[in-house]
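Undergrad: Please find one structure pasted underneath; my questions will follow.
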Amino acid sequence: MNAIPSSRRAALRWSLAACAVTAAPLAAAVPAPAAHATAHATAAVAVTATSVSPDTITSGQEAIQTVTLAEPAPAGGVKVTVHPTGQFSDLTYLQATRNEVTVPAGERSVSFPIRVENSTTASVRTLKAYVGSSSAVTSLTVNPVDPREQAVTSFTVDRPDNARAAVEGSTVTGTVKIKSPAPVGGLAVDVREVPYESSAVHGPAYVVVPAGGTSATFRMTATAYDFPRSVTLRALLGPSDATTSVLGVPKHFSIAGLDFGRVRRGPQNNPQYGGVGIGEWWHPFGAVVKFTTDNPKVTVTPEVDIPASHVGALFRIEADASVPVGTKVRITANWVLGPVGPATTEVTVVD
């Protein structure tokens, strides 16, 4: 192997020395781990208590829940998860709290208003607050309202000319009325969809009638984007309730059977309906829609008139008792002189 010339050896010694000088300040620039950071990591924030005041309310009334930590919250505050315990979720409590509250930095506690679902009988609700593995519980007794003194008297959907159909994305206004003026703090009336129906609107879990008032108005948004959907809504206050319905329709001309596309055969005490929607099509002189089926033993309303101020309508469907269960039936809606072609849907005959 050839020896390295003396000039190269000198240059190499200079380069190594320069690297050593440069590395020293770099090493000095890297800070040592802060002792307080390690200490903070081991000091976990803990919930020590939660309470509610008053601890007994009547359905619909407001209460104040308080969550307390073992020590003041650090910078940025501490998020605490709060929720009722039990088998079923409480949509009213969820709307009131979003199941989370924040204890501000430097504070040991936070108080916040809550409401819980209406009850038809006296009941005790257990409320839990936790951070990590620490938790605390409290209880709230809920008594039903006396229907002789307080009750829901009506629930309406306000649309032009009392139309109950709404195009996807449009606003539906609901109005709830109660028997007597609401107490201090207002009175919450729960709003629920009848289970197992297709959702046609999105709205609040409850609406508050203000103190001294006897009615409250709130907004919902129509959500039927693919085919007409009908939903029955209930306004609940203790043992009292009132119902209304909404037909949501897509932005295009459409048709659908409203019971998830099922039609019961034989004579029915409760009428069975389909829904048709005009959507966003302009119809200043109204619209005439005719209906046909491909099975003569499954009959429909022959024709409906949809006023200019309405965007949809219901039509009757009946299946003869002789139609075999499982039969598929195609229903067609034709908009007479309309700007679009026919719309079709398929329903299944069931017992």
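Undergrad: Can you pull out the residues in the range 70-85 that are part of a loop (DSSP other than H, G, I, E, B) and among the charged types (D, E, K, R)?
TA: Listed by number, the list holds a single entry, E71.
Undergrad: Okay, moving on. Counting just the residues of the range 236-267 that are part of a strand (DSSP E or B) and of a type in the set (D, E, K, R), which one comes out nearest to W335 (Cα to Cα)?
TA: Only one residue fits best here, namely R262.
Undergrad: OK, next. Check whether at least one residue in the range 128-140 is at positive phi and in contact with a Pro (Cβ under 8 Å, 6 or more places away or on another chain), and report yes or no.
TA: Checking the range 128-140: not a single residue is at positive phi and in contact with a Pro (Cβ under 8 Å, 6 or more places away or on another chain).
Undergrad: From the set of residues in the range 291-303 that are of a type outside the set (S, T, N, Q) and surrounded by fewer than 16 Cβ atoms within 10 Å (Cβ to Cβ), which is farthest from V329 (Cα to Cα)?
TA: Out of the qualifying residues, it is E303.
Undergrad: Which of the residues belonging to the range 205-235 are among the hydroxyl-bearing types (S, T, Y) and under 16 Å from the mean Cα position of the chain (by Cα)?
TA: Y206, T221, T223, T232
Undergrad: Do we have any residue at all in the range 125-132 that's in contact with an Asp or Glu (Cβ under 9 Å, 6 or more places away or on another chain), in a strand (DSSP E or B), among the basic types (K, R) and surrounded by 14 or more Cβ atoms within 10 Å (Cβ to Cβ)?
TA: Yes, there is a match, as at least one residue in the range 125-132 is in contact with an Asp or Glu (Cβ under 9 Å, 6 or more places away or on another chain), in a strand (DSSP E or B), among the basic types (K, R) and surrounded by 14 or more Cβ atoms within 10 Å (Cβ to Cβ).
Undergrad: Give T243, T217 a once-over and let me know the one that is surrounded by fewer than 19 Cβ atoms within 10 Å (Cβ to Cβ), β-branched (V, I, T), more than 16 Å from T171 (Cβ to Cβ) and not assigned by TED's automatic domain parsing to the domain that holds T97.
TA: Result: T243 is the single residue among T243, T217 that is surrounded by fewer than 19 Cβ atoms within 10 Å (Cβ to Cβ), β-branched (V, I, T), more than 16 Å from T171 (Cβ to Cβ) and not assigned by TED's automatic domain parsing to the domain that holds T97.
Undergrad: Any idea which residue in the range 46-61 is nearest to the chain's Cα centre (by Cα), counting only those that are crowded, with 18+ Cβ neighbours inside 10 Å and in a loop (DSSP other than H, G, I, E, B)?
TA: Residue satisfying both the conditions and the ranking: G60.
Undergrad: Test of understanding: among F285, F253, which residue is crowded, with 17+ Cβ neighbours inside 10 Å and aromatic (F, W, Y)?
TA: After ruling out the rest, the residue left standing is F253.
Undergrad: While we're looking at this one, here's another question. Any chance you could count how many residues in the range 268-306 are among the β-branched types (V, I, T), assigned to a loop (DSSP other than H, G, I, E, B) and either more than 33 Å from the chain's Cα centre (by Cα) or not assigned by TED's automatic domain parsing to the domain that holds E346 (or both)? Write out each step before concluding.
TA: Here is the first cut: in the range 268-306, the ones among the β-branched types (V, I, T) are 276, 278, 288-289, 292-293, 298-301, 304, 306.
This time we only want the ones that are assigned to a loop (DSSP other than H, G, I, E, B), so: 278, 301.
Okay, now just the ones that are also either more than 33 Å from the chain's Cα centre (by Cα) or not assigned by TED's automatic domain parsing to the domain that holds E346 (or both), so 301.
Number of matching residues: 1.
Undergrad: Can we say G261 is surrounded by fewer than 20 Cβ atoms within 10 Å (Cβ to Cβ) and either farther than 26 Å from E117 by Cβ or not assigned by TED's automatic domain parsing to the domain that holds V208 (or both)?
TA: So G261 fits the description; yes.
Undergrad: Within the range 217-236, identify whether any single residue is over 30 Å from K177 (Cβ atoms) and of a type outside the set (F, W, Y), and answer yes or no.
TA: Yes; the residues of the range 217-236 include at least one that is over 30 Å from K177 (Cβ atoms) and of a type outside the set (F, W, Y).
Undergrad: Which of the residues spanning the range 265-282 are surrounded by fewer than 14 Cβ atoms within 10 Å (Cβ to Cβ) and under 16 Å from V349 (Cα atoms)?
TA: Passing the criteria: G266, P267, Q268, N270, P271.
Results for (1) part of a loop (DSSP other than H, G, I, E, B); (2) at pLDDT below 95, shown as yes or no for each residue.
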site	(1), (2)
T68	no, no
Q87	yes, yes
T92	no, no
Q95	no, no
V101	no, no
E107	yes, no
P113	no, no
S135	no, no
S139	no, no
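Undergrad: Of all residues in the range 191-220, how many are assigned to a strand (DSSP E or B) and touching a helix residue (DSSP H, G or I) at 6+ places or on another chain (Cβ under 6 Å)?
TA: 1
The values are calculated or read from the model by the stated rules, or taken from the named source; none is laboratory data. Because the structure is predicted, anything quoted here is derived from the model rather than measured. Reconstructed Cβ throughout: ideal geometry from the backbone, glycine too, with neighbour counts over all protein chains shown.
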